Amino acid sequence: MGELTLLLATATPGADSGSIEWAVFIAQKYAKMFLNATWTTLYVAVIGTIVGFLLGFLVGVINTSRVHPEDFILKRIFSKLLKAIVVVYVEVFRDTPMIVQGMIIYYGLRQSDVEIAPVVAGILVTVLNTGAYMGETVRAGINSVDKGQEEGALAMGMSHIKAMLHVILPQAFRNVIPEMGNTFVNNLKMTSVLNVIGVSELFLMAKTAGGSYYKYYESYLVIAAIYFVLCFVFNRLFALLEKKLEGKSDYVLATEYLDNE
């Protein structure tokens, strides 16, 4: 027992050790804790971004839908009511901090006798926050598609929904992919605010590990390195995806080919 204590004392950096030595020691000692926290961070960010992206697409489609005077009156009332709800939702979540949203949703549900786990609440907050921002991005992406394409689809007998699904949305999706990548990377970093509701993500684990030796600065250095690696890797992956979607750059226009004949 005495030998084990001596070994631990030797392994622990001394009082005169620098921040890097302490950061390395904390990273090694709490490696499993940081690994689990990294997984939680990725889990919340991935699920929150994917579901939030789908919600944002729905919000964008609703925002760009048109109400025609010849439509049935109930349809027009329903469309306007739905648009009003979507506008309120977008404004509320875009104009309030995510940390406040997390506190209100988590503790609000628990006060209403709804037992919800912190991770589930964190995913819900991320989904709603992402949906609000992506809704505006999708709206802009849909509006960036030439209006003549929708008019052409309608002239061919397509309904508005079919025109959206087969003509407009595929092009809008390509336009919003870069922003989707930015949103995911931002969600990776924004999960840190979810520590206030007890989500065991990286920031909360760093605070816990730092408190063991009162080395908070060194503990935060560890998660800063983890965040950097995660964001760097995903930024590069999304850049490759964006480049892939652009297609080949060595094509020849049909008009140029005909001119050369």
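One table, with the values for the structure above:
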| quantity | calculated |
| --- | --- |
| The listed residue being within 30 Å of Ala31 (Cα to Cα), surrounded by 14 or more Cβ atoms within 10 Å (Cβ to Cβ) and not aromatic (Phe, Trp, Tyr), out of Asn195, Asn175 | Asn195 |
| Filter result (surrounded by 14 or more Cβ atoms within 10 Å (Cβ to Cβ), in a helix (DSSP H, G or I) and hydrophobic (A, V, I, L, M, F, W, C)) within segment 198-233 | Leu202, Phe203, Leu204, Met205, Ala206, Ala209, Leu221, Val222, Ile223, Ile226, Leu230, Cys231 |
| Val88 open to solvent by 30 Å² or more (accessible area, probe 1.4 Å), closer than 22 Å to Leu54 by Cβ and not charged (D, E, K, R) | yes |
| Those residues of segment 109-126 which are over 24 Å from Ile50 (Cβ atoms) and modelled with pLDDT of 95 or more, in sequence order | none |
| Test result for Glu91, in a helix (DSSP H, G or I), over 21 Å from Val196 (Cβ atoms), touching a helix residue (DSSP H, G or I) at 6+ places or on another chain (Cβ under 7 Å) and acidic (Asp, Glu) | no |
| Unique residue being open to solvent by 60 Å² or more (accessible area, probe 1.4 Å) and in a loop (DSSP other than H, G, I, E, B) when the list is Arg66, Arg110 | Arg66 |
| Identity of the residue in segment 71-85, exposed (fewer than 13 other Cβ atoms within 10 Å of the Cβ) and of a type in the set (A, V, I, L, M), that ends up nearest to the chain's Cα centre (by Cα) | Ile85 |
| Residues that are part of a helix (DSSP H, G or I), within 28 Å of Glu91 (Cα to Cα) and out of contact with any Phe, Trp or Tyr (no Cβ under 9 Å at 6 or more places or on another chain), drawn from segment 128-149 | Glu136, Thr137, Arg139, Ala140, Ile142, Asn143, Ser144, Lys147 |
| Members of segment 113-133 found to be aliphatic (A, V, I, L, M) and either surrounded by fewer than 21 Cβ atoms within 10 Å (Cβ to Cβ) or closer than 19 Å to Tyr43 by Cα (or both), listed by number | Val114, Ile116, Ala117, Val119, Val120, Ala121, Ile123, Leu124, Val125, Val127, Leu128 |
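The values are calculated or read from the model by the stated rules, or taken from the named source; none is laboratory data. Quantities reported herein were computed from a predicted structural model and do not represent experimental measurements. Cβ coordinates were reconstructed from backbone atoms using ideal geometry, including for glycine residues, and neighbour counts include every protein chain displayed. Areas reflect the complete protein model, heavy atoms only, side chains present, ligands, DNA and RNA absent. Shrake-Rupley method; radii C 1.70, N 1.55, O 1.52, S 1.80 Å.
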